[in-house]
Amino acid sequence: MAFQFLDYVYADYAGYSFLVKVPVAHREVERKFVVSEDFVLPDINAVPSITSVTKHPGFSMEAIYFDTVDLALFRWGITLRQRRGGEDAGWHLKLPVRSGQKDARDELHVSDQSEVPAAFVEIVSPLLMGRPLQPLVTLNTVRQPFDLISADTKIELVNDRVSIFESGNPTTVFREVEIEVITCGQHADAVLDELSVVLVAAGAEPSSISKVARAFGKRTLQGPDVAQLPTPKATDLAADALRAIITTDVTRLLLADVDVRRDANDGVHQMRVAARRLRSALRTFSPLFDQMWADGLREDLAWIAGELGNVRDTEVLQRRLILHAQTLPDSVRVDLVPFLVEFLDRRQDNARSSALAALRSDRHDYLIEDLVQATRDPQVTDEAFQPGSHVLITPVKRSFRVLKRAMNRLDDDPATWHAARIKAKRTRYAVESLSPIFGKEYVRLGKLLSQLTEELGTHQDATVAQQQLADMADSASGNVAFGLGMLSAYELSVAMHDRESVSRLWPKVKRAARGAGL
């Protein structure tokens, strides 16, 4: 089946257009209000910023909500429904937005069909962990919609009367008003604020509870499969801190896994970072973990990070090489850029297919189960049942000493710079994971280590780019081969500049480490 939530668009980068495949997603920004049965909608025309109000004919619609029996999706902030009636009839998958506008969610849409779309099941599968989806509640809504215009912003206001059915029987009836941004102009938030004030003055009560949350009731009070834990204090047991660190990164990995499957921007990068952070924690704090248990997790995390590696490396090369090609003469660029685009697009298609196969494998399913279990019961040693201030700092000191040795070994060989980058990342992740516990000196050091790893990372990107350009030259000739050589020379100059930046930054890192007691 051709998934209808996928589309092809042209994306512009550095003056060139590329045909890319993206989800058809609507960024939902809305506010909800609970109103009484006798609530009267105020005169929206009287709102100063609203220049046009259009009332559309009312209609009825039915929404059937699907989830696992224990609400696995809803507890992650995800809803899946089949809607009948209205302009957007079909299947809707709403996903939380991890950064960006408040009150925002991404909504994916597939036209109506009898079964839950396989594409949607694929996207949320890491959160389902094998549990089946089934219809749980039905909402019948009588809706009166209005279109509101304010300059470059379009807002839909709907006045709803909702009836909830479970197992075919009516359970609750209530009214609700929603305002949702359809076209997001420069002052969309201000318009929402103004409308909210008018609605509240008329007797509406702001609500963060969705219709389906009302239907599911008290079950929605439970957290997701990976619980969000409070930040431990330095005097708390090290085992509590380790569990909090693992929980944070497993949450990041699972949500990034969902993003990878829907081809969301930066999903692959975020999933690899989460896997690396987990591996780093298991290695850095190895004296506090059961060795066999930690080694097994680290091996599987290394495997999935490696499977995603080609996708991420190609993403970096696509942006980097095409941008850097702009430094070359037009006579070279005219042949070189189309060659780069075709070569890297083909490589990216192959890399993504391989990565998705890994995500669909039994090994990945078992890894997800093991990671979720690790957030509940990490296998720690007796030493972890001491205050964190006694046993957590020593492993970080050891990691920083290893980094210093790696930095002292830097020479003309790019391999020594790559080795230093690995050690710097490991130390950075350890310091950042403990920053909420040990305070501002760790925060400052973490920021400087982040800058150091970025500089070492761009140096590694330049080194990899040179290697890849040499490989490409094997299948190129004439003007393209000449352009690849010029581009490789440019990457070498970038790498040399990165080395100078690292040399200037490293003394600052050492001073911050001394301030943090390392």
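In the list 66, 59, which residue meets the criterion of being buried (at least 20 other Cβ atoms within 10 Å of the Cβ) and either at pLDDT 90 or above or touching a strand residue (DSSP E or B) at 6+ places or on another chain (Cβ under 7 Å) (or both)? Talk me through it step by step, then tell me what you get.
Working: 59 fails: buried (at least 20 other Cβ atoms within 10 Å of the Cβ).
Every option except 66 fails the conditions.
Which residue out of 278, 308 is at pLDDT 95 or above and assigned to a helix (DSSP H, G or I)?
Values: 308 fails: at pLDDT 95 or above.
Of 278, 308, the one residue that is at pLDDT 95 or above and assigned to a helix (DSSP H, G or I) is 278.
For the range 337-355, check the following and say yes or no: at least one residue is assigned by TED's automatic domain parsing to the domain that holds residue 271, farther than 30 Å from residue 243 by Cβ, buried (at least 20 other Cβ atoms within 10 Å of the Cβ) and under 21 Å from the mean Cα position of the chain (by Cα).
Yes; the residues of the range 337-355 include at least one that is assigned by TED's automatic domain parsing to the domain that holds residue 271, farther than 30 Å from residue 243 by Cβ, buried (at least 20 other Cβ atoms within 10 Å of the Cβ) and under 21 Å from the mean Cα position of the chain (by Cα).
Name the residue, out of 312, 333, 298, 320, that is of a type in the set (D, E, K, R), surrounded by 16 or more Cβ atoms within 10 Å (Cβ to Cβ) and closer than 15 Å to residue 368 by Cα.
Numbers: 312 fails: closer than 15 Å to residue 368 by Cα; 333 fails: closer than 15 Å to residue 368 by Cα; 320 fails: closer than 15 Å to residue 368 by Cα.
Of the residues listed, the single one that is of a type in the set (D, E, K, R), surrounded by 16 or more Cβ atoms within 10 Å (Cβ to Cβ) and closer than 15 Å to residue 368 by Cα is 298.
In this structure, is residue 82 of a type in the set (S, T, N, Q), free of Cβ contacts under 8 Å to residues at least 24 places away in the same chain and more than 30 Å from residue 151 (Cβ to Cβ)? Write out each step before concluding.
Numbers: of a type in the set (S, T, N, Q): yes; free of Cβ contacts under 8 Å to residues at least 24 places away in the same chain: no; more than 30 Å from residue 151 (Cβ to Cβ): yes.
Taking the combined requirement at face value, the residue does not satisfy it.
Those residues that are assigned to a strand (DSSP E or B), more than 23 Å from residue 158 (Cα to Cα) and charged (D, E, K, R), I need them from the range 42-78; list them, please. Before the answer, list the steps.
First, pick out the residues of the range 42-78 that are assigned to a strand (DSSP E or B): 52-55, 59-67.
Subsequent filtering for residues that are more than 23 Å from residue 158 (Cα to Cα) retains 66-67.
Of everything in the range 42-78, just one residue is assigned to a strand (DSSP E or B), more than 23 Å from residue 158 (Cα to Cα) and charged (D, E, K, R), namely 67.
Looking at the range 356-375 only, could you name the residues that are loosely packed, with under 12 Cβ neighbours inside 10 Å and hydrophobic (A, V, I, L, M, F, W, C)?
357, the sole residue that qualifies.
Test residue 194 against the stated conditions and say whether it is touching a Pro at 6+ places or on another chain (Cβ under 9 Å) and touching a residue at least 60 places away in the same chain (Cβ under 8 Å).
Numbers: touching a Pro at 6+ places or on another chain (Cβ under 9 Å): yes; touching a residue at least 60 places away in the same chain (Cβ under 8 Å): yes.
The answer is yes for residue 194.
Conditions first: (1) within 22 Å of residue 302 (Cβ to Cβ); (2) part of a helix (DSSP H, G or I). Residue 378 passes all but one, so which condition is the exception?
Of (1) within 22 Å of residue 302 (Cβ to Cβ); (2) part of a helix (DSSP H, G or I), only one is false for residue 378: (2).
Being of a type outside the set (Asp, Glu) and farther than 25 Å from residue 225 by Cα is true for just one of 126, 117, 132, 170. Which residue is that? Let's see the steps before the verdict.
Working: 126 fails: farther than 25 Å from residue 225 by Cα; 117 fails: farther than 25 Å from residue 225 by Cα; 132 fails: farther than 25 Å from residue 225 by Cα.
One residue alone meets the criteria, 170.
Scan 409, 346, 320 and give me the residue that is farther than 20 Å from residue 279 by Cα, among the charged types (D, E, K, R) and touching a residue at least 12 places away in the same chain (Cβ under 8 Å). Talk me through it step by step, then tell me what you get.
Working: 409 fails: touching a residue at least 12 places away in the same chain (Cβ under 8 Å); 346 fails: touching a residue at least 12 places away in the same chain (Cβ under 8 Å).
Answer to the selection: 320.
Residue 229 versus (1) in a loop (DSSP other than H, G, I, E, B); (2) touching a residue at least 60 places away in the same chain (Cβ under 8 Å): which is the lone unmet condition?
The one condition residue 229 does not meet is (2).
Working only within the range 54-91, note down all residues that are more than 19 Å from residue 164 (Cβ to Cβ), in contact with a His (Cβ under 8 Å, 6 or more places away or on another chain) and not aromatic (Phe, Trp, Tyr).
Matches in the range 54-91: 88, 90.
Would you please name the residue that is farthest from residue 62 (Cα to Cα), looking only at residues in the range 176-225 that are within 28 Å of the chain's Cα centre (by Cα) and polar (S, T, N, Q)?
That would be 186.
I'd like the residue in the range 466-518 that is out of contact with any Lys or Arg (no Cβ under 6 Å at 6 or more places or on another chain), outside any helix (DSSP H, G or I) and surrounded by 16 or more Cβ atoms within 10 Å (Cβ to Cβ) and, out of all such residues, is modelled with the lowest pLDDT. Outline the logic, then answer.
Within the range 466-518, the subset out of contact with any Lys or Arg (no Cβ under 6 Å at 6 or more places or on another chain) is 466-511, 513-517.
Add one more test, that the residue is outside any helix (DSSP H, G or I), and what stays is 474-477, 516-517.
Right, trim to surrounded by 16 or more Cβ atoms within 10 Å (Cβ to Cβ) and you get 476, 516.
On the way: 476: 79, 516: 89.
Selected residue: 476.
Taking the options 361, 280, 354, name whichever one is without any contact (Cβ under 8 Å) to a residue 40 or more places away in the chain and among the small types (Gly, Ala, Ser).
On the way: 280 fails: without any contact (Cβ under 8 Å) to a residue 40 or more places away in the chain; 354 fails: without any contact (Cβ under 8 Å) to a residue 40 or more places away in the chain.
The match here is 361.
In contact with a helix residue (DSSP H, G or I) (Cβ under 9 Å, 6 or more places away or on another chain), assigned to a helix (DSSP H, G or I) and over 30 Å from residue 475 (Cα atoms), is that true of residue 242? Don't jump to the end; show me each part of the working.
On the way: in contact with a helix residue (DSSP H, G or I) (Cβ under 9 Å, 6 or more places away or on another chain): yes; assigned to a helix (DSSP H, G or I): yes; over 30 Å from residue 475 (Cα atoms): yes.
Yes; evaluated as a whole, the condition is true for this residue.
The values are calculated or read from the model by the stated rules, or taken from the named source; none is laboratory data. If you're wondering where the values come from, they're calculated on a predicted model, not measured in any experiment. With ideal geometry, Cβ positions are generated from the backbone for all residues, glycine too; neighbour counts draw on all protein chains shown.
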